[in-house]
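One structure is given here, and the rest of the page talks about it.
Bear in mind these aren't lab numbers, they're just calculated from the coordinates by the rules spelled out. Source: prediction; values computed, not measured. Here the Cβ positions follow ideal geometry from the backbone for every residue, glycine too, while neighbour counts run over all protein chains shown.
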């Protein structure tokens, strides 16, 4: 998909050009941007490397497509590496993903040691990853930390809701994760008790400059949607309920369909909505097509339900759909954050979201949408009905939704936290970033002890030394 000339190494993608940082001023204000520029000044020409598992598909790839140009616009040398793997590799890492989200699946030693670890070894033999700060995203490349070909202040970033993670997969991943300098989570709720390294909370964000997030008039949006709507006999004058996500068991599209059918039965005749479900496939998600086929069979013959996969001109179509939709529904059973929720809210669209993970960090029930339990079909239908029946409520929720994103979930907000972490790593700042979640960790205490004690010593002496070190480090925190 990418021209080999665009890569310095086989698995490095480099042609993302710096963005003009001043273009973000209308969204976050000059004062905020000036502060970011000030923070970035000592980091000019410093290397910030990122590693993930795909250039396209999924929220991590989308964020990196914006983070890298933004950082380069600040004159930080941002780089992006992608690990390469076989279908077998991505099948087993999808199992990792499911197990981390609490789905019980069989996984064999052959899958772990051959499909996963052998692929990691192969990737790290091909190229070194060097940076003043290096961020390794999600479980797919997590084991790279042990191969000795990554250099710098190295952090593992988890974009997954791990509150009910399988003990099996955590026991496998922990020895790798605990080798990192720190771990970054989308929510402090996701940090497991056996993480022995510093942890940080950084919310994902959306880029207001992306085509998907451009603000459009209804006329402009309908022009973009015209071909898709005409081809599939979708009447834009009817209320539109939109659902956009990967086709995945955790995205819970089947419950959305059931709730919509129940909604149709309870609405007044003059309100006649359509449900538009749109999803993309991702290179690192081999289960997506299977789920899409299941949902296709489920919706066969349903004239008011329209199902799409990998639509052309995807970003503009999705943004336009959010712009004209009367409501967006996203009732995932697991969601590390759910950038698509912020994307819909940014277009002024009220959201019916599940009361889990990162969705509940974005949706305030009764203020910018409604929170429901993911499998409570009647509650989902009731929330949708409230929005579709009340124009004033719909407008108020939509206005509040856009303000919520503008205040908390735009790209500069996230990059600011990343810059503060990088400044701390490089000792530009001595103050620990406010995004820090946990206090002293096992790793920090042992490092302090090794630097200040001489063996042998008594148990009482050790206890006193630990208390002294603890008090000193607590003051630093």
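A few comments on the model shown:
- Among 335-342, 225-232, 205-212, sorting by the average number of other beta carbon atoms lying within 10 angstrom of each residue, highest first, gives 335-342, 205-212, 225-232.
- Virtual paramagnetic centre 7 Å along Cα→Cβ of residue 88, amide N under 13 Å, in the range 112-138: 112-120
- Stretched out straight at 0.36 nm per residue, the stretch from residue 231 to residue 391 would grow longer than its current Cα-Cα span by 54.7 nm.
- Rg/Rg_globular for the range 232-336, with Rg_globular taken as 2.2 N^0.38 Å and Rg from C-alpha atoms: 1.05
- Per residue, the convex hull spanned by the Cα atoms of the chain measures out at 162 cubic angstrom.
- Equivalent-ellipsoid semi-axes of the range 278-377, from the Cα gyration tensor, Å, largest first: 23, 17, 15
- Relative to the current alpha-carbon distance between residue 147 and residue 431, full extension at 0.36 nm per residue lengthens the span by 99.1 nm.
- For the pair residue 17 and residue 174, the difference between a 0.36 nm per residue extended length and the Cα-Cα distance amounts to 52.9 nm.
- Ranked 441, 404, criterion: other C-beta atoms within 10 Å, fewest first: 441, 404
- What the Kirkwood sum gives for the range 195-269 is a hydrodynamic radius of 16.6 Å, with every pair of different alpha carbons counted.
- With Cα atoms, 0 to 90° folded angle of helix 30-40 axis to the chain main axis: 30
- If a spin label sat at a point 7 angstrom from the Cα of residue 117 along the line to its beta carbon, the backbone N atoms of the range 128-146 nearer than 15 Å would be those of 142-146.
- Cα-based radius of gyration of the range 211-408 once divided by 2.2 N^0.38 Å, which approximates compact folds: 0.93
- Shown is the FRET efficiency for residue 127 and residue 77, computed with R0 = 22 Å from the Cβ-Cβ distance and rounded to the nearest 0.05: 0.85.
- Point-to-point label distance, residue 56-residue 189, nm (Cα→Cβ direction, 7 Å offset): 3.4
- When the inverse distances between all different Cα atoms of the range 166-226 are averaged and flipped, the Kirkwood radius reads 15.1 angstrom.
- Ascending count of other beta-carbon atoms within 10 Å, so fewest first, for 48, 170, 156, 80: 170, 80, 48, 156
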